[in-house]
Structure formats: structure tokens, C-alpha cells
Amino acid sequence: MSIVRLHASHGYDVARLREQFPILAQAVNGRHLAYLDNGASTQRPRQVIDAVTHYETHLHANVHRGVHTLSQLATDAFEGARERVRRFLNAGSTREILFTRGTTESINLVAQSWGRANLRAGDEIIVSALEHHANLVPWQMIAAATGARLRVAPIDGTGQLHFAGFQALLNERTKLVAIAHGSNALGSILPVGRVIEAAHRAGVPVLVDGAQAVAHLAVDVRALGADFYAFSGHKLYGPTGIGVLYGREALLDAMPPWMGGGDMIRTVSYESATWNELPWKFEAGTPNISGAIGLAAALDFLEELGVEKAAAHEHGLLGAATAALMRIPGVRIHGTAEDKGPVLSFTLEGVHPHDVGTILDHEGVAIRAGHHCAMPLMDLLGLPATARASFACYNTLAEVEQLAAAVRRAAEVFR
Amino acid sequence: MELTELYREVILDHNRHPRNSGRLDPHDAEAKGHNPLCGDRLTITLRRDGERIADLRFEGNGCAISMASASLMTEAVKGRSRAEVEALFRRVHALLTEQGASDAGLGKLAALSGVREFPARVKCASLAWHTLNAALARSDPAGAGTVSTE
């Protein structure tokens, strides 16, 4: 039975979808490329490539400056992209949508701006045990600078947040909770709605690292109640070097600028400056205009596809891959939370993940092998590294089989 | 390029059964090697007899290429002077990175030649050698730092 037909019959035509991703048509090492490293970065559909090319070909000029036609067109396109992001997140206002280089910069912005203004010696920031370095190191840095302290909420044996353990850390010294929506290393989707509710009851704002979630579930920042929400363009079919920080207007208003320069000021004298309005107060220097436009096109793509439909397809692939790998002797799956994004971390007994990665690459299967920028989590799990397959809307059941065959090949090479 | 070129029998054997594994105590020198992106990690301890390496051991964990390379190296350098080790490493490095480099006289180390078709893995194969160089360069074991080839 054809996989393509199976999905087409459910209104999800993965073969046609793949035609929109020119990069997927190539062979790697003489084999069909099974691109299963989507947790690290997704590929771009034609729609995104075309939007960026159109901008570069017809619209480019600096934004918010010139009186000339191109500058106005570029500004309209850039600010249009901001409105597109606002709709995507269902934020109340474009004043709450800041463009950054990515999730990492978004979190650093909050740590450096909100953190410096609000953290004092003895204050506490809660993170979880499965955070990516991007949602850990910025807090370590601001904690060291202010004398605040990091508290780490535990996870359970499945890789899910231990909710009672998290709640037990909330106290009158807690000033912020910074937590992943989805784990890049284990796949767990965290109950951020409950986390936010509990934190808000204690009067504590919450930053959500949405890097691994936005491509796989609909995010409504107002329904969720998030105070800050960060994500990257390149993990949901957009370009690299563009990301978003959503922040509640009242919080952003009270925060000092992080970087100084052009665009973020209203008036400047030799002695001092006054700040521009939101969101530009936080966007010093010429922004990544083409990146923002590419991101807007990626959000159009995702909306037209339907994020729930894509997620259902990806969930099917995750289930099939989990079952296929579990049938291979020596394979262990890491991360078995009930609520999981399409991320499959595994190890093969007697074979280091890097050797697994090399052998899979040889078979045309691109995965990530390593610590997934979550070294403390790997230490906690007692693993030097894992191999990780992560799925996107364009992957197929045939690629799941290609993955399983390649893992069997790795076991065979090392037998 | 076939996988069996990279994962030759000698490599798989030394990965499975590393020679000279463990620690030498007491020792004259110790150095640690760590490639944080890969997670490859090893510690070399050695005893000298004047200029020459009297004995050495390594311990650690990492991919098959890093572990087999360390094991093969310990066999190849025992009894050699620092100058001889450096000359040997130059030849091994050429083998790992240059097309057509000769493996004449390298013995079992020649099994590493497949690595050059996998550029991402050169750092795995060279970690043990850089770590050994650091151990030889530092006569004071307490002063040994951590080496990386990333």
C-alpha cells in the first residue's frame, strides 16, 4: 500500500507537500535524503524562498528611515510581517511583537533587560531540568550579575516535568519561571498552561521557550497567559537569523532597552537619549528585514497547511518510528512522555551516537547526534549523548522505514 | 565510500577491546582531552624512562573512532621518545587528512586511513594524539589542562 495514497485519503498529501521543498528532492550519498533533523532546523518551502527573493529583487531598502518609495515598501513589508506574527500568536498588539535573531536572543533580551531591572540578591528564577542551554545560560549569567539564584524543577522518568516538584519550588523569592514548551532532547510537551496558572497564582511571570513547539501546535499567547513567549523562524519553515519575542505590553513598557543604537531612540543629544515606542525600543540597528518577510511567508505556509493536520501526520510518524526502533535489539528510547512532539531520542547499545549518526548519514538519513545543547540533562540521564530523529510535515512513512533500516545497519556494522 | 572503509575490523576490535585501558598510578604525566560537541572524553596517564615513554594508559568514553584511535596509539608509542611521537603524529595526521598519504610503516595505524573520507570525524581520531602531546609537554601532572580538537 502506498504511503502517499494512505495520507492523501486523509486529506494530507505528503507527496504534493514535498514538491514545495526543493531541497528534499536531492540524493545524499547516493540515497534518498531522509531529512530527520527538523528539531535542529526545518527546510524552507518555495513560498518562503520566493518571498525572500521577491523582497531582495524588488523591495529592499532600509526601514523606518527614507521618504523614498522603496524604503516605504520595505517598511510596509517588514511591519506587515510583524502583524502576521501577531495574528499567529494571537497577541493583542504588534507593540508586543519584537523581532530578534532567534529564540536565544529573545531569551537573552528578557534576561538582560527585565532581569537587570527586576532581580536582586536572593531572588529566584525557576527553570526545568530539561532546558536547552539557550534557556539556562542567560539565566545563569544574569543570576551571577545580580546575586539571584537558579532553581531547577525536576522531571520524571518519562522526561515530563514533575509538576508537584515544580510547584514546591514556587515561593515568595521566586521572580520568574522560564520553561520550555517542548523539549528538544526528549520531545516532551510541557504543561505550560498549568505552569503559568500556578506561577500567576504566586504572582510570578512566566517566559516560555517555544522553539520546539510552534511548528507542531497552535499557540495562543493570550489563552495560554504567557508573559513572554520566544521562538525562532528556522524551526517552523522560515529563515535563520530571525526570531520573535512576544512580551506582555505592560512588562515591555516597564523594561529598559537592552541594546542602544539607531531605530530604538526618539531623540538623542550628546549627553543622553530618549527611547522609541514599543516594539522599536528593543530593535536597535537595521533589522533582518528579509528574514522577517520570510518568516511571515512561513507562517502563511503553516496556516494554509494547518498546524493540527501537520501535527497529526507527524505524530503518526513518531508512533511508527518508535515502534520500528523498539523492535531493534539494543535500542533504547529516551523520552517517553505521554504528550510528545515529533522527537525521537535513542541510543543503540554498544554503538556511540556519533557512530550511529555517521552510519545513518551514509544511508541518506540525516539526524542529530550529541548532547542537543542540553548538557545538564544528559548528565542527569547518565548519557554522554543520544541520537535524535525529529520529524516535520514533509516526512514520510517510507523515511521512517529508511531510518529503521539504517539503525539495523548500524547494529550490524558493530556486531 | 563504503562504511567498512571507516569501520574496519581493526577499528571495531580496538573499540570493543581497547588496549592499555585504565590509569597508571603513580604516573609522571597526565592530560585530559575533551571534545564537548561530541562528548568524546579521555584521560592519558604515562610514565617515562628518561626521554622515552615507558608505559601509558588511557581511559574515557566516546565514539568508536576516538576510542580505537587512542587504543592503537598507545600500542604504537610505547618506548618512543617525544620527538619520535611527534614525527609519528605528523604522519598519522597526514593519513587522516590528505588524499594519497602513504601508510608505509604505520602498521595497524594504517586502519585509520578511512577517516579522511569522513571529515567530521578527523577530530575524533586526532583527540588522543593531541592529548598525548599535552601529557608529554607537561612534566608536572598537576598542571595538566584539557585539550580539545574541536
Selection from the range B:1-26 of residues that are away from chain A (no Cβ under 14 Å) and either more than 12 Å from B:SER71 (Cβ to Cβ) or part of a loop (DSSP other than H, G, I, E, B) (or both): B:ARG19, B:ASN20, B:GLY22, B:ARG23, B:LEU24, B:ASP25, B:PRO26
Residues being touching a helix residue (DSSP H, G or I) at 6+ places or on another chain (Cβ under 7 Å) and either modelled with pLDDT under 95 or farther than 24 Å from A:ALA91 by Cβ (or both) - total across the range A:245-274: 3
Hits in the range A:268-293 (condition: in contact (Cβ under 8 Å) with a residue 12 or more places away in the chain and of a type in the set (A, V, I, L, M, F, W, C)): A:ALA273, A:TRP275, A:LEU278, A:TRP280, A:PHE282, A:ALA284, A:ILE289, A:ALA292, A:ILE293
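Which of the strands (runs of 3 or more DSSP E) found entirely inside the range A:316-390 contain at least 2 residues meeting this: within 11 Å of chain B (Cβ to nearest Cβ), within 22 Å of A:LEU136 (Cβ to Cβ) and free of Cβ contacts under 8 Å to residues at least 60 places away in the same chain? Before you say what the answer is, go through the steps one by one.
Working: elements: A:331-334, A:343-348, A:368-370, A:386-390.
Because the criterion is at least 2 residues that are within 11 Å of chain B (Cβ to nearest Cβ), within 22 Å of A:LEU136 (Cβ to Cβ) and free of Cβ contacts under 8 Å to residues at least 60 places away in the same chain, the strands (runs of 3 or more DSSP E) in the range A:316-390 that meet it are A:368-370.
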Matching residues, the range A:117-156, being more than 26 Å from the chain's Cα centre (by Cα) and closer than 21 Å to A:GLN167 by Cβ: A:GLY122, A:ASP123, A:ALA148
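Is one or more of the residues making up the range B:74-87 within 26 Å of A:GLU349 (Cα to Cα), surrounded by 15 or more Cβ atoms within 10 Å (Cβ to Cβ) and in contact with a Gly (Cβ under 6 Å, 6 or more places away or on another chain)? Lay out the reasoning, then the answer.
First pass over the range B:74-87, keeping only residues within 26 Å of A:GLU349 (Cα to Cα): B:74.
After this cut, where a residue has to be surrounded by 15 or more Cβ atoms within 10 Å (Cβ to Cβ) as well, the list is B:74.
Now restrict to residues that are in contact with a Gly (Cβ under 6 Å, 6 or more places away or on another chain): none.
Checked the range B:74-87: no residue is within 26 Å of A:GLU349 (Cα to Cα), surrounded by 15 or more Cβ atoms within 10 Å (Cβ to Cβ) and in contact with a Gly (Cβ under 6 Å, 6 or more places away or on another chain).
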Residue that is surrounded by the most Cβ atoms within 10 Å (Cβ to Cβ) [pool: residues in the range A:291-344 that are over 15 Å from A:PHE391 (Cβ atoms) and of a type in the set (Lys, Arg)]: A:ARG332
Condition check for A:ILE265: free of Cβ contacts under 8 Å to residues at least 12 places away in the same chain and in the same structural domain as A:GLY243 (by TED's automatic domain parsing): yes
Number of positions in the range A:391-415 that are among the β-branched types (Val, Ile, Thr) and not in a helix (DSSP H, G or I): 1
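In this structure, does B:LEU95 turn out to be farther than 25 Å from A:ILE359 by Cα and surrounded by 17 or more Cβ atoms within 10 Å (Cβ to Cβ)?
no
Go through the range A:221-233 residue by residue and tally those that are in contact (Cβ under 8 Å) with a residue 40 or more places away in the chain and surrounded by fewer than 24 Cβ atoms within 10 Å (Cβ to Cβ). Write out each step before concluding.
Filtering the range A:221-233 for residues in contact (Cβ under 8 Å) with a residue 40 or more places away in the chain gives A:221-223, A:228-233.
Then drop every residue that is not surrounded by fewer than 24 Cβ atoms within 10 Å (Cβ to Cβ), which leaves A:221-223.
Within the range A:221-233, residues that are in contact (Cβ under 8 Å) with a residue 40 or more places away in the chain and surrounded by fewer than 24 Cβ atoms within 10 Å (Cβ to Cβ) number 3.
Would you say A:GLY66 is more than 30 Å from A:VAL356 (Cα to Cα) and outside any loop (DSSP other than H, G, I, E, B)? If you could, list the steps in order and put the result at the bottom.
Working: more than 30 Å from A:VAL356 (Cα to Cα): yes; outside any loop (DSSP other than H, G, I, E, B): no.
No, not satisfied.
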Selection within the range B:27-45 - out of contact with any Asp or Glu (no Cβ under 9 Å at 6 or more places or on another chain), more than 14 Å from every other protein chain (Cβ to nearest Cβ) and not in a strand (DSSP E or B): B:ASP28
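Is it true that A:LEU176 is of a type in the set (A, V, I, L, M), surrounded by fewer than 21 Cβ atoms within 10 Å (Cβ to Cβ), in contact (Cβ under 8 Å) with a residue 12 or more places away in the chain and in a strand (DSSP E or B)? Before you say what the answer is, go through the steps one by one.
Values: of a type in the set (A, V, I, L, M): yes; surrounded by fewer than 21 Cβ atoms within 10 Å (Cβ to Cβ): no; in contact (Cβ under 8 Å) with a residue 12 or more places away in the chain: yes; in a strand (DSSP E or B): yes.
Criteria not met by A:LEU176.
A quick yes/no check of all residues on (1) away from chain A (no Cβ under 14 Å); (2) within 21 Å of B:LYS32 (Cβ to Cβ); (3) out of contact with any helix residue (DSSP H, G or I) (no Cβ under 8 Å at 6 or more places or on another chain):
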residue	(1), (2), (3)
B:CYS63	no, yes, no
B:LEU88	yes, no, no
B:ALA94	yes, no, yes
B:ALA110	yes, no, no
B:LYS123	no, yes, yes
B:SER126	yes, yes, no
B:LEU132	yes, yes, no
B:ARG138	yes, yes, yes
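The values are calculated or read from the model by the stated rules, or taken from the named source; none is laboratory data. Everything quoted here is computed from the prediction, not taken from an experiment. Cβ atoms come from the backbone with ideal geometry, glycine included; neighbour counts cover every protein chain shown.
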